[in-house]
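Read-outs: derived from the displayed coordinates by stated rules, not from any lab. Predicted model, so just to flag it, every value in this text is computed and none were measured. Note that we place each Cβ from the backbone using ideal geometry, even for glycine, and neighbour counts take in every protein chain shown.
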Amino acid sequence: MTQPTFDFSTLFETYKTAMAPVFRAQQEGLKTLERLAHYQFAVAGDYLEWSLAQASLLNDAYRTLKNPLERTKYLLKLEGVQFEEDRGAGNLNPSKVPADLLEEVFELNMQLEELRQNQKLGEDDPQLRRDLEAAKNQFAAQLSALDEQVRSRWSAWDAAWEQNDEAKKTAAKEAMTSLLQRRSYLKNLVRDVEQTLGES
C-alpha cells in the first residue's frame with residue numbers, strides 16, 4: 001500500500017486555520033469554566049474537576065498548535081521520540097550536557113553560585129552581573145539559531161515521507177530531536193540566569 005505523504009511544515013498551519021472558530025469557542029469556554037469555578041457550581045465536585053481537566057488539556061493543545069517548535073516536538077513524540085522533562089541547569093545530569101558546552105556551563109554555574117552567595121551576604125559585584133548578562137545573551141542567540149536549524153529540517157522530513165525512505169526519515173527525526181534537546185538545555189540555562197539576576 002502506498003503510504004500517504006506528510007507535509008510536516010504546513011500540516012498544522014492548515015489545521016490551525018480550519019480550526020480557528022473552534023479555538024475561539026474553546027477560549028470562551030475556558031472563561032466560562034473559570035467563572036463557574038468561583039460560584040455555586042463548585043459543589044459539582046467530580047464533574048467540575050473533570051471539566052477543568054479537559055479544559056486544561058484543550059488549552060495545552062491550543063498552545064502546541066500555535067507554537068511551530070512545540071508542534072515539531074509533539075509530532076516527534078508521535079514517532080516514538082522521548083524527551084527529558086525540562087529541569088533547571090543545575091539539576092541536569094552532567095552526561096546530558098552538550099560536549100561543546102561543558103566548559104561554558106561549568107563556568108556559568110560557578111558564576112551563578114557566586115552571585116547567589118553575594119545575594120545572601122548582601123554584596124554586589126557589577127562585573128559579575130555584566131558577565132552573566134553577556135552569557136545569557138550568548139545562549140539566547142544560540143537559541144534563535146537553533147530555532148532556524150529545526151525549521152530547516154522540516155523540508156528534509158517532508159521529502160523523506162514523500163519518498164517513503166525510512167533511512168532518511170530516521171536521519172531527519174534524529175537531527176530534529178538532537179536540536180530540540182539542545183534547545184531545551186539552553187532554554188533552561190537562560191531561564192536560570194534570568195531568575196538569579198532577577199533576585200539580585
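Just a few scattered comments:
- Sorting 184, 155 by the number of Cβ atoms found within 10 Å of their own Cβ, with the fewest placed first, yields 155, 184.
- Each of 72, 196 was scored by other Cβ atoms within 10 Å of its Cβ. Listed from fewest to most, they are 196, 72.
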